[in-house]
Structure formats: structure tokens, C-alpha cells
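What follows is calculated from the coordinates using simple rules that are stated; it is not laboratory data. As the structure is a prediction and not an experimental result, all values here were calculated from the model. Positions of Cβ are backbone-derived with ideal geometry, glycine not excepted, and every protein chain shown enters the neighbour counts.
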Amino acid sequence: MRSHSTTILTVRHGGKVAIGGDGQVTLGTAIMKADANKIRRLLDNKVITGFAGASADAFALLERFEAKLKDYPGNVPRAATELAKDWRTDRALRRLEALLAVVDVKHTLLVTGNGDVIQPTDGILGIGSGGNYAVAAARALVAHSSLSAGEIVRRSLEIASGIDIYTNTQIVVEELSCET
């Protein structure tokens, strides 16, 4: 799915995981809102999600994902897999157009309506129309700077916003410490 709606980026670096997103909501070629928050904390702040795609669809998926997290506490990959399975097979859910990026202290996951649950090898994941630009910037910053995970997410999203017209600079970043 090619989403013309936002950019969400996750980076796992320096003992932290950060996820961020821009605030632009676009309807066709018109900007309808500039400061939407597309990042949500779930399960007593132990899981953070970001979404790209149709907002109502994403909220429906987030609600279902939160229920799966309660069904499988402490097992984010299993909850994500169960959501992806339902999303792919349920007649109503199948029509939802969104992507979810999910992070906790151990996992970075992409969840799609095709039944995919993908964990990137390097802990860097981008979704939405500016996702690839943000991933490229993040990989360069991880390799060639001493910035924190949150700073890398913010700077990478700023770079993506300079390239992708569906991404703006109203950026929200959330972080979790991965060190115990």
C-alpha cells in the first residue's frame, strides 16, 4: 500500500527506541490539519505505536491491537501476529487502509493488512509516504553521528519533510529505554 498521508519512523539506538511522526493530515491534495498526533502509547506505556493511512481505519486497528496486547501480555510479536491474522481474514477489517509501526523494549514491528509482521534487522523502520526518505536519513545519522535515538528520529523526519509533500515539521517523538 502506498500511503500519501504521513511519515512514521522508529529508531533503535544507544539503549533506547524512539518512534516519531509528523502531524499532517491530507485529504487528496489539501492539507486539512497540521498538528495531528499519530503516535500512541499502549499497555501502560510499555508499547508505542505509530500509524500511517486512513485515520479512522488506524484508530480501529489500534483499538483491536490494544485488545490483543491484553490477551497476550508481555508478548508483543504474538499480539501483532494475531492482529495481522484477523486483519487479513476478517471481511470488515480487510478493507482497512493503514499501516502500524509498533515498538517496545525488545521489538520493532511493521504490521500490515496483508498479514505481514516484519521486524527490521537494524531496528529502523519507516512507514507512510515519506518513510523511505526518513529511513535513509536515519541510517546515515546512526552511522555518522552521536545523536540519541529520539534526536535521530526528529532530524530524519525533518529531512523527510523537506522531500515529501505529505509530511510536515509538526513532529511528535516518544522514547522508551531498552536498558534494564
Kindly list, by first and then second residue, each pair from a residue in the stretch 17-46 that is without any contact (Cβ under 8 Å) to a residue 60 or more places away in the chain to a residue that is of a type in the set (Lys, Arg) and in a strand (DSSP E or B), limited to pairs with Cβ atoms under 9 Å and residues at least 6 apart or on different chains. Val25/Lys33
Pairs please, first residue from the stretch 53-71 and without any contact (Cβ under 8 Å) to a residue 40 or more places away in the chain, second anywhere and basic (Lys, Arg), Cβ atoms under 7 Å, 6+ apart in sequence or on different chains. Leu62/Arg40
Report, by residue number, each residue of the stretch 54-107 that is more than 20 Å from Glu175 (Cβ to Cβ), surrounded by fewer than 19 Cβ atoms within 10 Å (Cβ to Cβ) and among the aliphatic types (A, V, I, L, M). Ala54, Ala56, Ala60, Ala67, Ala92, Leu93, Leu96
Here are the criteria: (1) without any contact (Cβ under 8 Å) to a residue 24 or more places away in the chain; (2) buried (at least 16 other Cβ atoms within 10 Å of the Cβ); (3) assigned to a helix (DSSP H, G or I). Tell me which single one Ala143 does not satisfy. (2)
Subset tally (residues that are surrounded by fewer than 19 Cβ atoms within 10 Å (Cβ to Cβ) and more than 17 Å from Gly162 (Cα to Cα)) for the stretch 3-28: 5
I'm told Asn168 meets every condition in (1) touching a residue at least 12 places away in the same chain (Cβ under 8 Å); (2) assigned to a helix (DSSP H, G or I); (3) within 27 Å of Met32 (Cβ to Cβ) except one. Can you identify the failing condition by its number? (2)
